[in-house]
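Quick notes on the structure that follows.
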Amino acid sequence: MTTFDNTTDVLVIGSGMGGAAVSKRLSDAGIRVTCLEQGDWVHPTQFPHFHDEWEIEKYRSWAFDPNLRQNPEDYPITGLTSPRLMNVVGGSTVHYAGHWFRYKPVDFRKGTEHGVGGTIDWPISYEDLAPYYDINDAEVGISGLAGDPMYPPRPAPGGPPIKPGKGGRRMAEAWQRLGWQWWPTENAILTRGQDGRFSCNSCGNCLSGCPRGSLGSADVAYWPKALRNGVDLRTFARVESITTRNGRATGAIYIDRLTGARHEIKADLVVLAANGVGSPRLLLMSAQKGHPDGLCNSNGMVGTHLMHHTWSFADMWFEDPIEGYKGAVGCSVHSQQFYDTDASHDFVNGMTFLTLGSFGAAYSAMGTHTAAPDPWGAAHRPSFNKHFGHHVVSFMQGDDIPRPENRVTLDPSAIDSSGLPAAHIEYSLGENDISLATFGTERLKEAAEAAGATETNITGPMHPPPAWHLMGTCRMGNTPDDSVVNAYNQSWEVPNLFIVDGSSLTTGAAVNPTSTIGALAVRCAEYIKRNHRQILSQTKTQTKELSPAL
Amino acid sequence: MASVVIPLEDPRDRFRADSSQLGGNPVPVVFTDRQIAALGAIADELIPAGDGFPAPSSVGVVEEFFTRYVTPADIVVNRFPYARETEFKAAVDALADDFLAANSAGRVNQLANLERDEPDFFGQLRALTYGGYYSRPAVLVALRSLPAGRDYHGAPLPRGYDQTTADWDDLIPPGVGSYIRTTDVVRTTVKARP
Ligand SMILES: Cc1cc2nc3c(=O)[nH]c(=O)nc-3n(C[C@H](O)[C@H](O)[C@H](O)COP(=O)(O)OP(=O)(O)OC[C@H]3O[C@@H](n4cnc5c(N)ncnc54)[C@H](O)[C@@H]3O)c2cc1C
């Protein structure tokens, strides 16, 4: 039964990076915000860091892939895909490594630069977004080293960079030997306490959350402040559809997973932030009168242009101890030697090379990130002893081309615990992606050699890619024909429905996306704050030029 | 006198029970003595003792780990390493007599056949043995005798590794490179692919 339940000024759907940043920023200004989140809080005792079994839990309770975790808050994702996301308060940031890169100015102008596949320019520039990157960085808490000449000048991070460990040092020295650029990586990892959160103590188990609050996940970086502002965050609240009337969003119907009851919540304005898979899924589930193919989908673009980045990994082992179980797992050093499109290559776009920690002894025995397990029997001890604590991983993250055929659709053949249809992913690497990743793989080999690795396991271009970056499926664009939302994350089809999460990224750049998602969310909230009244009377979403000013 | 209100059951309990839980299944699977002996003998062949490392069967790999990470028959959702109690026990029973009767060379031979003929079951045995063995406190002590493991303490917290993680010291980034400014972005044509 559907019962009328509540009203609010702004309804936010999803409590991850996008939803948390919007909720906090709007509530700072006294706007009444309700946020619906299908998952629960992660309780402090649910982090594996204090348990002997912390490593096998990487394949179970802290598996990246919801299809492996199979928790009641997860929804199935079908297709030839390796999805990685989390459905709890704080969203996928609860699982993330915290690599905190900004896009570069050129990343907003890839349509001008080459326009390959479905690539278009963003309707905004780096300069438009820069002030909001600054605000979001300050909220989340960033560590790093100021002065990287590969980026426009920006405020110094709040704390010094995380320690590189022997592994980070080894890769930096190798890149230096090759004459490559490198720089200490900015991370959403506190190296100085902030807001009652502890600084990182190099425990080496990021990617399974952080019970110290050192990792800037949205549950610790944003939600305590948003709740203090009075945001009504409802957990176990799974949205089934966004409701509309006469072309305007009126709110949403959600299922209270605790009781199974359906509730309707009314709002003046709706912000969708359910991520690059969850948002198109919900828009497609919201097909209704006047929107037969799903909400915001009259141009057929919802779910299309999915990007994950292009990946190739190199597990490397060395003669001498590296002790990769120590230190933040996230990247301490990176190289952007091959970041920009180079006319001498046979591909457009570029890549970043990063490093990661190694985890512990059981993970090492099981082959670490990409290799086969150590052999069993008489060969086990020599092999294990050679590998454990002698390992570094480096990988390339390439800027994949947005293509309409890479997409999220609905798959009614599988359902979540509330009976709602699964998401389905179709994603393949295009020719440009393969050329780029093949080039990157060759560079990984060179770097492994320069580092003095005695053994390597190099994946080559990965398919399916590890899908922890879910981008482009409700992209921001310049006209109602080329995108789902405008320059302010306002959907072209429903003026009081905004979409701000990974789905709204127009291009993927060659860097991790979350700092850009947060910056866009802060900017979107600022736009809503300043133009609330005008938005409520709009009957048509305008282009950037004709929209009210920010 | 004020009345005491007894709260109703918290529905969250149900969801927690259905979720993957830390430390494996709360109610351990019960193996027979024969199954424990066979699993211990298998684990001891997968990771032979020696070089200061104890035998898996001597550090509770089966009793403390296999029992929690094999999915009990009454639990619907089967998670990594996807070993279901009924099938897993049946597979152990099928090999127990021959395996226990064999000498070490014979056991190695049987495991090699198992790896070839029943890769899923073999993969479960290996994942449980490797995952369990390298998480047992006695094995952590042995790991610390390795040059690369001297500071290793298993569970990442509460201690962390802040005191012993290599720092930046004299390592300074080269400070080279630049970026393309917004106004400098131009059409770029790349080489044709072969
Ligand atoms: C293992 C891993 C490592 C990563 N490492 C990095 C990294 O180092 N750096 C980086 O930048 N990024 C990283 N990422 C990616 C990063 O986590 C995401 O980019 C970011 O969290 C996306 O933010 P979002 O707002 O788009 O969505 P999310 O943070 O995923 O939040 C979406 C929320 O919406 C909720 N939701 C979905 N559907 C519904 C519904 N119907 N009703 C109610 N609620 C709903 C979900 O439960 C979820 O909580 C990593 C991700 C993973 C999984």
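Okay, here's what the table says:
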| quantity | calculated |
| --- | --- |
| Simple label model, 7 Å out from Cα along Cβ direction - residue A:178 to residue B:33, nm | 6.0 |
| Distance from segment B:173-194 to segment A:392-425 (C-alpha centre basis), Å | 30 |
| Gyration tensor over alpha-carbon atoms, the protein assembly as shown, equivalent ellipsoid semi-axes in Å | 42, 32, 23 |
| Accessible heavy-atom area order of A:233, A:520, highest first, probe of 1.4 Å | A:233, A:520 |
| Pairwise centroid distance, computed over Cα atoms, of segment B:121-139 with segment A:307-359, Å | 30 |
| Dipole-positive endmost among A:206, B:183, A:441 within the protein assembly as shown (Cβ charges, Cα centre) | B:183 |
| Segment B:23-149, relative contact order in percent, only Cα pairs under 8 angstrom and at least six apart counted | 32 |
| List A:523, B:16, ordered by accessible area with a 1.4 Å probe, largest first | B:16, A:523 |
| Carbon/sulfur fraction of accessible area - chain A, other protein chains in place, 1.4 Å, % | 52 |
| Angle between chain A longest axis and helix A:126-140 axis [Cα atoms, degrees, rounded to 10] | 80 |
| Stretchable slack from residue A:463 to residue A:29, in nm (0.36 nm times residue separation minus alpha-carbon distance) | 151.7 nm |
| Per-residue ³J(HN,Hα) for segment A:262-276, Karplus 6.51 cos²θ - 1.76 cosθ + 1.60, θ = phi - 60°, Hz, x for Gly and Pro | 8, 10, 10, 10, 9, 8, 6, 8, 10, 10, 9, 9, 9, 5, x |
| Averaged over A:371-377, number of beta-carbon atoms from partner chains that fall within 10 Å | 5 |
| Cross-link pairs beyond the 29 Å C-alpha cut-off, checked among A:24/A:163; A:24/A:104; A:445/B:191; A:110/A:166; A:104/A:445; A:104/A:266 | A:24/A:163; A:110/A:166; A:104/A:266 |
| Cα-projected label distance for residue B:164 with residue A:454, points at 7 Å along beta-carbon direction, nm | 2.1 |
| Which of A:230, A:191, A:140, positive extreme of dipole for segment A:129-243 (C-beta unit charges) | A:191 |
| Heavy-atom accessible surface that A and B bury in contact, both chains counted, 1.4 Å, Å² to 100 | 7800 |
| Mean separation of Cα contacts under 8 Å (6+ apart) over length of chain A, as relative contact order % | 22 |
| Alpha-carbon centroid distance for the pair segment A:256-276 / segment A:164-235, whole angstrom | 30 |
| Förster radius 35 Å - calculated FRET efficiency between residue B:13 and residue A:431, Cβ distance, rounded to 0.05 | 0.10 |
| Segment B:23-149: C-alpha pair distances exceeding 17 Å, % | 57 |
| Spin-label pair residue B:188/residue B:176, simplified geometry with 7 Å Cα→Cβ offset, distance in nm | 1.8 |
| Portion, in percent, of the accessible area of segment B:23-149 that falls on carbon or sulfur, probe 1.4 Å | 55 |
| Residues of type aspartates and glutamates that residue A:540 reaches as a straight line, Cα spacing below 18 Å, ignoring anything fewer than 8 places off in the same chain | A:268, A:481, A:482, A:493 |
| Cβ-Cβ FRET estimate between residue A:146 and residue B:75, R0 fixed at 60 Å, reported to 0.05 | 0.70 |
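The values are calculated or read from the model by the stated rules, or taken from the named source; none is laboratory data. Note that the structure is a prediction, hence the values are computed from the model and not measured. Glycine gets a Cβ as well: all are built from the backbone with ideal geometry, and neighbour counts include every protein chain shown. Accessible surface areas use protein heavy atoms only, side chains included; no ligands, DNA or RNA. Shrake-Rupley method; radii C 1.70, N 1.55, O 1.52, S 1.80 Å.
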